[in-house]
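Data block below; observations after.
The numbers here are math on the coordinates, done by the rules we state, and not lab data. Computed from a predicted model, the values in this text were never measured in an experiment. As a convention, Cβ positions derive from the backbone with ideal geometry for all residues, glycine included, and neighbour counts pool all protein chains shown.
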Amino acid sequence: MENIFHRVSIRKFSNQPVEKEKIEQILRAAMQAPSACNQQPWEFYVVEDKEMIHALSQVTPYSAFAFNAPVIIVPVYREENLPAPMFAQIDLSIACENMWLETDALQLGGTWIGIAPLKDWMEAVAEILDLPDNLKVFSLFALGYPAEEKPQQDRFDAARIHYMKR
Ligand SMILES: Cc1cc2nc3c(=O)[nH]c(=O)nc-3n(C[C@H](O)[C@H](O)[C@H](O)COP(=O)(O)O)c2cc1C
């Protein structure tokens, strides 16, 4: 999995549109994620409308860069009729990391914008998308062809590893 050691947050995008097959491949990776009891609580909204992207980019103080993204994927989840609803956000987290890695593998770039667990932001996004009440917003994932290049930080820290010896 070389993408684990290559993926970075990309916040500058070229104007090149993202092919539908690539978006689908990214969502295929998302849905391949493991989830508690295999409950797969997710749905994914793909936003390409400029006005909607603008509105989404204004939801948090940390999302303005997303205005220039050609696509924002909005992963959402439901809580009803799940065997383990308390794990739904964790399930979505794994799906989002899968999306990010697949984005990198396709030579695209993106950045996860945190929305859940902040209720106000979750509701603001739900209102923009006019979501049904049972769907909760997890995050925004802004993606496109990268217009910046960044080396990945090496975050390995041997001091964080604690081998338990008797
Ligand atoms: C849960 C989560 C929320 C994040 N929210 C934002 C955000 O709102 N805005 C942003 O620009 N980046 C956001 N990021 C990206 C992080 O800032 C980034 O992953 C971190 O600085 C490490 O950099 P890297 O992704 O290039 O390795 C978020 C990442 C995660 C995992």
Helix-only [θ] at 222 nm, the chain, -39500 (n - 2.57) per DSSP H run of 4+, per residue, nearest 500, equals -9000 deg cm²/dmol
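Any number yet on Rg/Rh for the range 86-166, C-alpha, Kirkwood? Show your work: numbers first, answer last.
Working: Rg = 17.1 Å, Rh = 15.5 Å.
Using only Cα positions, Rg/Rh for the range 86-166 is 1.10.
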Which one of Pro146, Gln58, Trp42 has its Cα pushed farthest toward the positive end of the charge dipole of the chain, where Lys and Arg give +1 and Asp and Glu give -1 at the Cβ? Pro146
State, to one decimal in nm, how far the label point of Gln107 lies from the label point of Arg166, with both points 7 Å from Cα in the Cβ direction. 5.4
Highest-MSF residue in the chain out of Lys12, Lys136, Lys22 [GNM, Cα springs under 10 Å]: Lys22
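Expressed as a rounded percentage, what relative contact order does the chain have, with Cα pairs under 8 Å and six or more residues apart?
Working: 291 pairs, mean separation 56.9, N = 166.
Worked out over the chain, it gives 34 percent.
Taking the Cβ of Val137 as the centre, find all other residues whose Cβ is under 13 Å away and add up their charges (Lys, Arg: +1; Asp, Glu: -1). Walk me through the numbers on the way to the answer.
Details: positive: Arg78, Lys119, Lys136; negative: Glu43, Glu79, Asp120, Glu123, Glu127, Asp130, Asp133.
Combined, the nearby Lys, Arg, Asp and Glu give -4.
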With a cut-off of 8 Å between alpha carbons and a minimum separation of six or more residues, what is the relative contact order of the range 1-97 in percent? 36
Taking loop as defined by DSSP and a crowding limit of 15 other beta carbons within 10 Å, which chymotrypsin sites (Phe, Trp or Tyr not before Pro) in the range 46-141 fit? Tyr62
State the volume of the convex hull built on the alpha-carbon positions of the chain, expressed per residue in Å³ and rounded to an integer. 148
Under the Karplus relation 6.51 cos²θ - 1.76 cosθ + 1.60, θ = phi - 60°, what is the ordered set of whole-Hz ³J(HN,Hα) values for the range 6-18, x standing for Gly and Pro? 9, 4, 9, 6, 10, 10, 10, 10, 7, 7, 4, x, 8
I want to check the label-to-label distance for Ala64 and Asn15. Put each point 7 Å from Cα in the C-beta direction and report it in nm to one decimal. 2.3
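Can you pull out the GluC sites (Glu not before Pro) in the range 1-30 that DSSP calls coil and that have at most 16 other Cβ atoms within 10 Å? Don't skip to the end; give the middle numbers.
Details: sites: Glu2, Glu19, Glu21, Glu24; in loops: Glu19.
Of the GluC sites (Glu not before Pro), the ones in loops of the range 1-30 whose Cβ has at most 16 other Cβ atoms within 10 Å are Glu19.
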So how much slack lies between Met86 and Asp154, counting 0.36 nm per residue of separation and subtracting their Cα-Cα distance, in nm? 21.2 nm
When Arg166, Arg155, Arg7 are arranged by how many other beta-carbons sit within 10 Å of their Cβ, fewest first, they go Arg166, Arg155, Arg7
With a 10 Å Cβ neighbour count serving as the proxy for reagent exposure, in which order, fewest first, do Ile53, Ile10 appear? Ile53, Ile10
